[in-house]
Amino acid sequence: MTDMHTHTRISADSDETMAAYIARANEIGVNTICITDHADWNPFDTGWKYYDEVSYFADFEYASKNSDGVELLAGVEFGEPHLYRSEFEKLCNSPFDFVIGSVHYTNSYPEWFFNVLIECGVSAEDCYNSYWDSVLDCVSYGGFDCLGHIDIPKRYYKTLLYDESKIRVIYRRMLDNGIILEINTSSLRRGLDVAMPDRELLDIYKREGGKFATIGSDAHRAEDLAAGNSEAEALLKEFGLTEVTFRNRVLKEVNK
């Protein structure tokens, strides 16, 4: 098993350690873990400038030397890289194996995360309209390896809204820029019975020429490592997609 999306104490919303992930990996048979802590430069985010690259790589170096046979990969999840280009490009000079680009705030609502949008009465339709435009801007800018949790608003709104023509454009732009899709399983732990994305958007991805995907639990605690992995693997098999990892920003197929 692999898990290409996890968070530790270097993320503002996690207190976990890399050592705890390694211990959990040995318990449940995970071979590869990528630690992708949040790097956020949105001043309205609670993790604004929280990311500490020096501390991250100090933790990573120590954990790698004590990994008990688990392959540990260095990664980062950067929020809205198209909006914070100089910070993103500077960070990408660091020796990461894998970079996730994610959209947590939309163009129309840069101050509010999705749960706050709901509290403030923003409809799912308004949220998604702005969100998909933001995702298109993000993948058009590019520079990262994988788009994280492509339909994350459904984790909060509990519904998925999209225009297929817009999704097709997003996927084409991703593939043109060498960006692949993530199957993020965190929604399976948050009241949904579908991954992010699930069949609808995976079908479009496949028809647009998508071939590869990573699997990520988006764990913020070691106990959630690789949670939902079997469901994600089943989706990959159903749509004929190949699971991959990255090393030194180079795609590598996972051999089952």
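Computed quantities for the displayed model
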item: Every pair of residues 6+ apart whose Cβ atoms lie under 6 Å, when the first sits in the stretch 77-90 and is within 12 Å of Y105 (Cβ to Cβ) while the second is basic (K, R); result: none
item: Enumeration of residues in the stretch 32-62 that are over 17 Å from S14 (Cα atoms), in contact with a Phe, Trp or Tyr (Cβ under 8 Å, 6 or more places away or on another chain) and not aromatic (F, W, Y); result: N42
item: L251 out of contact with any Cys (no Cβ under 8 Å at 6 or more places or on another chain) and of a type outside the set (K, R); result: yes
item: Matching option when the condition is without any contact (Cβ under 8 Å) to a residue 40 or more places away in the chain, surrounded by fewer than 16 Cβ atoms within 10 Å (Cβ to Cβ) and in a helix (DSSP H, G or I), among A23, A58; result: A58
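Here, each number is a calculation from the coordinates, and none is a lab measurement. What you are looking at is a predicted structure, and each value in this text was computed from that prediction instead of being measured. Counting neighbours? That spans all protein chains shown, and the Cβs are built from the backbone with ideal geometry, glycine included.
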